[in-house]
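Trainee: Quick one: the structure is below, questions incoming.
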Amino acid sequence: MVVTTGPLPPRWPNSGVLLEAKAVHTGRSARNHLLTLAQTNGISKRRVAEVIDIVGLHEVAGKRVGGFSLGMGQRLGVASALLGNPQTVVLDEPVNGLDPEGVRWIRIMLKDLAAAGHTVFVSSHLMSEMAQTATRLVVIGRGRLIADTTVDDFVARASNHSVTVRSPEAARLRELLQGPDITITTTTRQPDVLDVDGLTAEHIGRIAWQNQLPIFELTVRQASLEEAFMTLTNDSVEYRSTDIASAEPVDTAVKS
Amino acid sequence: MIGTLAPISTTVEGRARLRVTPARVLLSEWTKFRSLRSSLYTVLVAVTLMVGIGALFTAITVNQPGGLEPGRSAVSTSLTGSFFAQLAIGVLGVLLITGEYSTGMIRSSLTVVPRRLPMLFGKVAVFAGVVFPTMLIASVTAFFIGQAILRGHGLGASLAAPEALPSVVGAALYVTVAGMISLALGALLRNTAAAITTFVAVFFVIPPLTQLLPTSWTEHFVHYLPSSIGDVLTGGISTSANALAPWTGFAVLCGYAAVLIGFAAWRLRRGDA
């Protein structure tokens, strides 16, 4: 679960929810669908037209929902969540099944909503997407709160800040760098690349220069949100895929 | 078009106004009803059956050598169409609620009306409010067309005849309450096929089957069947000694509807949607 927060004006006490974009009668037009939901709470036709404009469904508002694409259905779901102009908007997996343009649209819309003072709750398994959208992160694994922090802090917590060094003299450099609390790993596939944990890039660069060893690459490794997520939820994964060496973690296998 | 983002409005609908009231739910249910093509078509089919079958059946019977069927009056013959109209209205009642379950709309409906029951009662009210006036117009039309045909054979009754007006109104009431029973079945079973099958079984299949049983058995319950009540309400001359008086029958029919709606409300309230 990822949260985007903006400044909170003390109005809009209610929340708007998108749990399932498919909870729509397929024989009804988008406009009439929203109108039936709006009328139960005394929300005006004008507001219905407004949310249709916000989600960009104006041209298809009179068409039957049965013919909508996944992306249009998702927009309709977001529109229904916005009907009451709620302080808190809760969206469950809003980017699922969207095309790249739709994903970008959701991202911009979420930020606009936050900028307009709404609190936006988004639950998602798409880490890369959340890294770009969210300001605050709540990670829950097996019902336990794993993290409640900012995205940057979350990533920093999980990263080991190791430094990747590529040098034709990797073996010699390795001997020079060795010391207590320092781990150096290398793979047989790339013997010229060292992964150094426990030293700063500045320190490694200076040692190499003092010993006149050529260096082709010196990179401080920063974990991605996805890696950070995998590291921190490792113990709380409900359905773990069996370990395949060096296999990319499969997103959908993670229940958080 | 898609992909452009209109500026997000910060205008606020007054907080106090965002509240669910019975009148608002009723308005919403009316919008639901009128915004589906199937509602309009089914009502049109029901009107056509009420008027068309009534005229056709009247024209056919009156030209038979024996004249009117036994147990049928001039009034009830012209209202024969109500027997067929109730099928269309029954389907309408079922679809009104099972359509929400099959499409998933029910989850949206209950999200905006979290107390749930106003949604069901709103549906029943809108249904009755649309069906009764429409069926009343249809039964009045069927009556006049039928009597015009019968008058050519010296059999026509006028609306001033003592049993005429109650029967014309009774036909509309019968079809409406039968539809409410079907709506309740739909809400209870939550499945279109199951609800329509049950409705057809009770209203169309069981009545002729009772004729296969010995009269000594059936005379105790056959007059409580909804279709028997319908026969009496639409002006039929009952041959059964136990037949309920028209308005007693109507009260029993309303009782069936009330019990079924009660069960549906109980299930809606208790169970997951």
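Every read-out reported here was derived from the displayed coordinates using simple, explicitly stated rules and does not represent laboratory data. Fair warning: this is a prediction, and the values are worked out from it, not measured in the lab. Don't worry about glycine lacking a Cβ; one is built from the backbone with ideal geometry, like all the others, and counts go over all protein chains shown.
Trainee: Using a Gaussian network model of chain B with C-alpha springs under 10 Å, which one of B:Phe204, B:Phe143, B:Phe83 is most mobile by mean-square fluctuation?
Mentor: B:Phe204
Trainee: Residue separation times 0.36 nm, minus the C-alpha to C-alpha distance between A:Thr187 and A:Glu227: what's the value?
Mentor: The span from A:Thr187 to A:Glu227 would gain 12.4 nm if fully extended.
Trainee: On to the next question. Which one, B:Met50, B:Met105, B:Met119, has the greatest fluctuation when you compute a Gaussian network model over chain B with C-alpha springs under 10 angstrom?
Mentor: B:Met105
Trainee: Pick from B:Ile137, B:Ile145, B:Ile206 the residue whose mean-square fluctuation is largest in a GNM of chain B, springs joining Cα atoms under 10 Å.
Mentor: Among B:Ile137, B:Ile145, B:Ile206, the largest mean-square fluctuation in the Gaussian network model of chain B belongs to B:Ile206.
Trainee: Shape verdict for segment A:160-220, please, from the Cα gyration tensor: rounded (a/c under 1.5), prolate (a/b greater than b/c) or oblate.
Mentor: Rounded.
Trainee: I'd like the mean, over residues of A:81-88, of how many other protein chain beta carbons sit within 10 Å of each residue's own Cβ.
Mentor: 3
Trainee: Let me ask you something else. Report ³J(HN,Hα) in whole Hz for each residue of segment B:153-159, in order, from the Karplus equation J = 6.51 cos²θ - 1.76 cosθ + 1.60 where θ = phi - 60°; Gly and Pro get x.
Mentor: Using θ = phi - 60°, the values come out as 10, x, 10, x, 10, 9, 5 Hz.
Trainee: So for segment A:160-220, averaging the separation of alpha carbon pairs under 8 Å that are six or more residues apart and normalising by length, what relative contact order in percent results? List each step's numbers first, then the result.
Mentor: Details: 94 pairs, mean separation 30.7, N = 61.
Reported relative contact order: 50 percent.
Trainee: Name the shape class, rounded, prolate or oblate, that the alpha-carbon gyration tensor gives for segment B:21-270, where a ≥ b ≥ c are the square roots of its eigenvalues, rounded holds for a/c under 1.5, and otherwise prolate holds if a/b is larger than b/c and oblate otherwise.
Mentor: Numbers: a/c = 2.31, a/b = 1.64, b/c = 1.40.
Prolate shape, in that a/c is at least 1.5 and a/b is the bigger ratio.
Trainee: Each residue of segment A:94-111 in order: what ³J(HN,Hα) in whole Hz does its phi give by Karplus 6.51 cos²θ - 1.76 cosθ + 1.60, θ = phi - 60°, with x for Gly and Pro?
Mentor: Along segment A:94-111, the couplings run x, 9, 4, x, 8, 6, x, 5, x, 4, 5, 4, 4, 4, 5, 5, 4, 5 Hz.
Trainee: Hey, another quick one. Which distance in Å, rounded to a whole number, links the C-alpha centroids of segment A:29-70 and segment B:90-166?
Mentor: Comparing the Cα centres of segment A:29-70 and segment B:90-166, I get a distance of 29 Å.
Trainee: Something else: Would you kindly derive the ³J(HN,Hα) couplings of segment B:185-198 from the backbone phi angles with the Karplus curve 6.51 cos²θ - 1.76 cosθ + 1.60 (θ = phi - 60°), listing them in order in whole Hz, with x for Gly and Pro?
Mentor: Working through the residues one at a time gives 4, x, 5, 7, 8, 6, 9, 4, 4, 5, 5, 5, 4, 4 Hz.
Trainee: Pairs of lysine in the protein assembly as shown with Cα under 23 Å and at least 8 positions apart or on different chains: total?
Mentor: Lysine pairs satisfying the spacing and distance rule in the protein assembly as shown number 10.
Trainee: For A:Gly141, list long-range residues whose amide hydrogen, built 1.01 Å from N in the peptide plane, is under 5 Å from its own amide hydrogen.
Mentor: Result for A:Gly141 returns A:Ile146.
Trainee: Ranking request for peptides B:228-234, B:27-33, B:255-261: highest mean number of other beta-carbon atoms within 10 Å first, then the rest in descending order. Before the final figure, lay out each step's value.
Mentor: On the way: B:228-234: 25.4, B:27-33: 22.6, B:255-261: 16.3.
Result, highest mean Cβ count within 10 Å first: B:228-234, B:27-33, B:255-261.
Trainee: Given a cut-off of under 8 Å on Cα pairs at least six residues apart, what relative contact order in percent is computed for chain B?
Mentor: After rounding, I find 23 percent.
Trainee: Going by amide H atoms built from the backbone, whose H comes under 5 Å of the H on B:His153, apart from near neighbours?
Mentor: It is none; the list stays empty.
Trainee: Could I ask something else about it? A:Val17's amide H: which non-local residues (gap 5+, or another chain) put their own amide H closer than 5 Å, with H modeled 1.01 Å from N in plane and none for Pro or chain starts?
Mentor: Here A:Val90 satisfy the definition.
Trainee: Still on this model: Would you mind getting me the FRET efficiency between B:Thr48 and A:Lys63? Use the beta-carbon distance for r and R0 = 35 Å, nearest 0.05.
Mentor: So the FRET efficiency works out to roughly 0.75.
Trainee: Okay, moving on. From Cα pairs below 8 angstrom and at least 6 apart in sequence, can you work out the relative contact order of segment A:2-134, rounded to a whole percent? Working shown, then result.
Mentor: Working: 217 pairs, mean separation 52.9, N = 133.
In percent, rounded to a whole number, it is 40.
Trainee: Separate question: Calculate the length of the line joining the C-alpha centroid of segment B:201-242 to that of segment A:131-161, in whole Å.
Mentor: Cα centres, segment B:201-242 to segment A:131-161: 71 Å.
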